[in-house]
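I have placed the structure first, in the form of structure tokens, so that the comments after it can refer back to it.
The values are calculated or read from the model by the stated rules, or taken from the named source; none is laboratory data. This is a predicted model, so every value here is computed, not measured. Methodologically, a virtual Cβ is constructed for each residue, glycine included, from the backbone with ideal geometry; neighbour enumeration extends over all protein chains shown.
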């Protein structure tokens, strides 16, 4: 009789505590996933959380790969707005998000000693601009930026003939003080020949190299005899810092002097940093480089 009573009591105890065991197991697993960055908002899937919260960690990872954390705070915040704008623009188009660096990649980029400090800087920039995007004519703009201009940014219309209202030419006189403003490189005739994709060798001493530029000095086309390449194509082939360059033959080689670093369109990060040092906030920086745009909450 005693054994039956013990068995019945044991069954009753199990029935009473079983729901608590199940609840703990489920919640404990969920808490573990959150602690390991398993939240939907922090994944790289590009999906937005159901409650409308933005993917902060994803945006921090993208931002960290696009601008130095040694830049002034307002310049970093300006870049954070561009990152967020591009994220939502790509979501609307069904495109993959920009590259977001993992913690391992960030540690390699910054070094373990700077990881926590730099991550906090990037995270603060994202949080202090939370939900803010840049629009033009009620549409999200593209994240267009470069390191240093050639003294003025490039107008999209000059590049491909298509007018983009927010990508006009903006003067950036402060960029001439950047250590990356001027680059001089020399190439052999063979290297230059290959970059022009020419099958026949050219006597450059007897052939004029024709260069067509836009109003700010960015090269539109380079022509040798009947062969023509765009300035951007030649820049890519020769791995030049910028499509704003000057070509001259010097002592049996082709000398190319380049101004600026990057394609030259949109925001010049060096100029943005100089503006921030002079007291401009991130909204002033963005409206300076992107004509006719508005800062809005998403």
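Exactly one residue among 201, 220 is modelled with pLDDT of 80 or more and either under 27 Å from residue 171 (Cα atoms) or not in a strand (DSSP E or B) (or both), and that residue is 220.
Against the criterion of being modelled with pLDDT of 95 or more and assigned to a loop (DSSP other than H, G, I, E, B), residue 280 qualifies.
Would segment 68-91 turn up any residue that is under 15 Å from residue 105 (Cβ atoms) and either surrounded by fewer than 24 Cβ atoms within 10 Å (Cβ to Cβ) or in the same structural domain as residue 278 (by TED's automatic domain parsing) (or both)? Yes, there is a match, as at least one residue in segment 68-91 is under 15 Å from residue 105 (Cβ atoms) and either surrounded by fewer than 24 Cβ atoms within 10 Å (Cβ to Cβ) or in the same structural domain as residue 278 (by TED's automatic domain parsing) (or both). Look at (1) closer than 21 Å to residue 136 by Cβ; (2) more than 14 Å from the chain's Cα centre (by Cα); (3) part of a helix (DSSP H, G or I) and you find that residue 95 fails only one, number (3). Scan segment 244-260 for residues that are exposed (fewer than 14 other Cβ atoms within 10 Å of the Cβ) and either without any contact (Cβ under 8 Å) to a residue 12 or more places away in the chain or not in a strand (DSSP E or B) (or both) and the total you get is 3.
As a summary of the residue check, residue 294 satisfies the conditions (1) touching a strand residue (DSSP E or B) at 6+ places or on another chain (Cβ under 8 Å); (2) more than 19 Å from residue 168 (Cβ to Cβ) except for the one numbered (2). Could you tell me which residue of segment 130-176 is surrounded by the most Cβ atoms within 10 Å (Cβ to Cβ), considering only residues that are farther than 30 Å from residue 91 by Cβ and without any contact (Cβ under 8 Å) to a residue 24 or more places away in the chain? Result: 171. Regarding residue 296, is this residue under 26 Å from residue 86 (Cα atoms) and either surrounded by fewer than 18 Cβ atoms within 10 Å (Cβ to Cβ) or not assigned by TED's automatic domain parsing to the domain that holds residue 74 (or both)? Considered against the rule, which asks whether it is under 26 Å from residue 86 (Cα atoms) and either surrounded by fewer than 18 Cβ atoms within 10 Å (Cβ to Cβ) or not assigned by TED's automatic domain parsing to the domain that holds residue 74 (or both), residue 296 comes out as yes.
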